[in-house]
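The values are calculated or read from the model by the stated rules, or taken from the named source; none is laboratory data. This is a predicted model, so every value here is computed, not measured. Note that we place each Cβ from the backbone using ideal geometry, even for glycine, and neighbour counts take in every protein chain shown.
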């Protein structure tokens, strides 16, 4: 563009044209070709070989909400299922700040010293506003994240119940098929997610802190009833006395609970994740538990109960998706919602009308 200041009537005034702007995109950059989606057979072959890259892609496929990916993901899971079930599944929970990620780091290293492989499925809370999550668990597991025999997979909770990732159960199957004989499932904290995690693990570990007030007030009774073991973290330095006191309080409280269905009496131990104190004792407790439940047959019974539970959960999820994802139902829901908000229709009648419409016009047609 020519500057008006360069006109002849402005004697002695000149404006240079300046430097041309470089392109926004790097001209030397070559666009990477998108890798084609592997077939179910290629996925399974890579997973059974222990290919971490293929395992990661398979987990991403399972977590996808795209309807196009669902059938392929289910086929991969079905083919991996015969190669699964040969691991120790351990759920780890505790109040925020209890040191779950630090503890998993040292627990994992202790397990890997004994041989085998470890997969850590860390559920990262998603923002209810932006639906995003930090996925920063690898940064808190400094040693484990670089270990060649460890696989750490942070997954966003994506708004599911209590923060539990919707596909964690299927991810466990894939990791077991890839040869990971130890599975840790970390929850976001004390809440409803513990019920879902408890339904997919063999051992449920509750991490607690001492010196934060009334310890028994700071944890829900329901969580303590689910726990197979309670460990008091940060039992070091001046905090050892408080940790021992908290240990005695938890032991007394556990005696007031009804007997567990496994017949196992939960143990309460103290340790320090930061200073790596008492780690072998915690894992020895877990070894005793597995020896106990496999000896009395509870281990297999629990696995069968969990398989049945997740069958019905999958049915419920599919029914819910089929209902809410239907365009006709979406339109009718919006219409009935306006009537309810205008006080022209009760909530119960509106719900009944939408359900009757679905069963008479949509669900009925699918079964014919």
How many residues are more than 21 Å from residue 91 (Cβ to Cβ) and either touching a residue at least 12 places away in the same chain (Cβ under 8 Å) or not in a helix (DSSP H, G or I) (or both) if we restrict to region 278-296?
-> 0
Quick one: would you say residue 339 is without any contact (Cβ under 8 Å) to a residue 24 or more places away in the chain, outside the structural domain of residue 65 (by TED's automatic domain parsing), closer than 30 Å to residue 199 by Cβ and touching a helix residue (DSSP H, G or I) at 6+ places or on another chain (Cβ under 9 Å)?
-> no
Spot the failing condition for residue 348; the list is (1) farther than 18 Å from residue 67 by Cα; (2) surrounded by 10 or more Cβ atoms within 10 Å (Cβ to Cβ), and only one is missed.
-> (2)
Of 95, 25, 62, 44, which residue is closer than 29 Å to residue 299 by Cβ and over 21 Å from the mean Cα position of the chain (by Cα)?
-> 44
Criterion violated by residue 172 - all others in (1) buried (at least 22 other Cβ atoms within 10 Å of the Cβ); (2) at pLDDT 65 or above; (3) in contact with a strand residue (DSSP E or B) (Cβ under 6 Å, 6 or more places away or on another chain); (4) under 27 Å from residue 312 (Cβ atoms) satisfied | (1)
If you take the residues of region 138-166 that are buried (at least 21 other Cβ atoms within 10 Å of the Cβ) and either out of contact with any helix residue (DSSP H, G or I) (no Cβ under 8 Å at 6 or more places or on another chain) or part of a loop (DSSP other than H, G, I, E, B) (or both), which of them is modelled with the lowest pLDDT?
-> 164
Single residue of region 30-50 satisfying the filter (touching a residue at least 40 places away in the same chain (Cβ under 8 Å) and in contact with a helix residue (DSSP H, G or I) (Cβ under 9 Å, 6 or more places away or on another chain)) that is surrounded by the most Cβ atoms within 10 Å (Cβ to Cβ) = 47
Exactly one of 279, 362 is in the same structural domain as residue 233 (by TED's automatic domain parsing) and either touching a helix residue (DSSP H, G or I) at 6+ places or on another chain (Cβ under 7 Å) or over 30 Å from residue 237 (Cα atoms) (or both), and that residue is 279
